[in-house]
Amino acid sequence: MWPVLTLDFNIFSTNDSFHCVNGKYIPQRKTCNGVNDCGDQSDELCCKGCRGKSFLCKSGVCIPNKYKCNGEMDCITGEDEIGCKEKTELLTANMNAEETEFLTANMNAERKWIKSLLPKLSCGVKPRLPARRKRVIGGRPAEVGDFPWQVAIKENEKINCGGIYIGGCWILTAAHCVSISKVHRYQIWTSFLHWLRPEDDIIVQLAKQIIIHENYNGKTYENDIALIELKRRPNQKECVLPNSVPACVPWSPYLFQPNDRCTISGWGREKDNQKVYSLHWGEVNLIGNCSRFYPGRYFEKKMECAGMDDGSIDACQGDSGGPLVCKDVNNVTYVWGVVSWGENCGKSEFPGVYTKVANYFDWISHHIGRSLISQYNI
Ligand code: ARG
């Protein structure tokens, strides 16, 4: 695909020179080649392809080929360390005289040391291997431990919505699922799968606080996102949710792309509008340029569409507020979307619409604290 592009590797480039973010100008041909010519790395960002001996990360960053399979993650989503053969063999093969120079060695050691100081991520990884096996229209039943971030939001003995545990005492859900005046009525059920066959270790939590996005629009579903802070038990400083694992909050809208396969889950209605009693899940594809399905109603930056070409798998009434999760190459699970709306359910011409969580990274971290949701917090 990219060799077709001769110029304009970097979307911020003009014809013959590139204006770095730090104000410097460099020749166009030096952009997207894995070398930090600007000094601020801006010539290696937003690339559509990479020149010379460099490798294109999914995030649009070009890294030198020699960083591939060097035992360290250089692409933010780690694909430079995927499919590597014997690490040491490749490492030596990649070494050249220049790299063994003292200065470079020192810089590498320093880079490694700085990386080692990054806080370790504690989200999106299940403690044990997931069961082999999808509410969801066309979904399949979940097994214990499959969706440790999934919560049910109960109001008056009914599950109206799902939610997503994102760490600490915090649950992410849809704004249309909650209202601030009803904060005392909500029960948040974690480790819960089946209505009629409740697991012993269900934990029921009450809500302490509800934060609804200040620009939520109930007519258009724009900014359909809210946070629930759970009440701590008496004498407890932290929220203890023994069998729950937080889903990671995506920090960049480029982490996942159209056609990536992701998963939805919930207790919502089935195709024939039947009620379901157990948590169901299904796999859906992210769908690009969704305005063609919803002209004038789809807001590209704030929403994400997902579904199957034949509409066979979809979220439905009752799934709202629940997760659309995607896994990166390292099998880390991110909450990419919050079930928000859709015309009918399971119709190929009307995919499900989700709140695009990556776009609310700043909003979420403002309320819950950046250190709680990201390893990239420095
Ligand atoms: N608004 C619905 C709810 O409150 C979710 C609808 C999702 N619809 C869809 N076709 N994906 O549960």
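Side notes on the structure shown:
- Built amide H within the under 5 Å cut-off of GLN209, gap 5+: GLU229
- ³J(HN,Hα), Karplus 6.51/-1.76/1.60, whole Hz, each residue of the stretch 231-237, x for Gly, Pro: 6, 6, 6, x, 6, 10, 7
- Unsatisfied cross-links (Cα-Cα over 24 Å) in the set LYS24/LYS112; LYS30/LYS85; LYS48/LYS347; LYS219/LYS302: LYS24/LYS112; LYS30/LYS85; LYS48/LYS347
- Of all lysines in the structure, those lying under 16 Å Cα to Cα from LYS154, and not within fewer than 8 positions of it along the same chain, are LYS182, LYS208, LYS231, LYS275.
- Take 290-296, 188-194 and order them by the average number of nearby Cβ atoms within 10 Å per residue, most first; the result is 188-194, 290-296.
- Within straight-line cross-link reach of LYS271, aspartates and glutamates at Cα separation under 20 Å, skipping those fewer than 8 residues along the same chain: GLU283, ASP309, ASP310, ASP314, ASP319, GLU343, GLU349
Values quoted throughout were computed directly from the atomic coordinates according to the rules given, and no laboratory measurement underlies them. What you are looking at is a predicted structure, and each value in this text was computed from that prediction instead of being measured. So basically every Cβ, Gly included, is an ideal-geometry build from the backbone, and we count neighbours across all protein chains shown.
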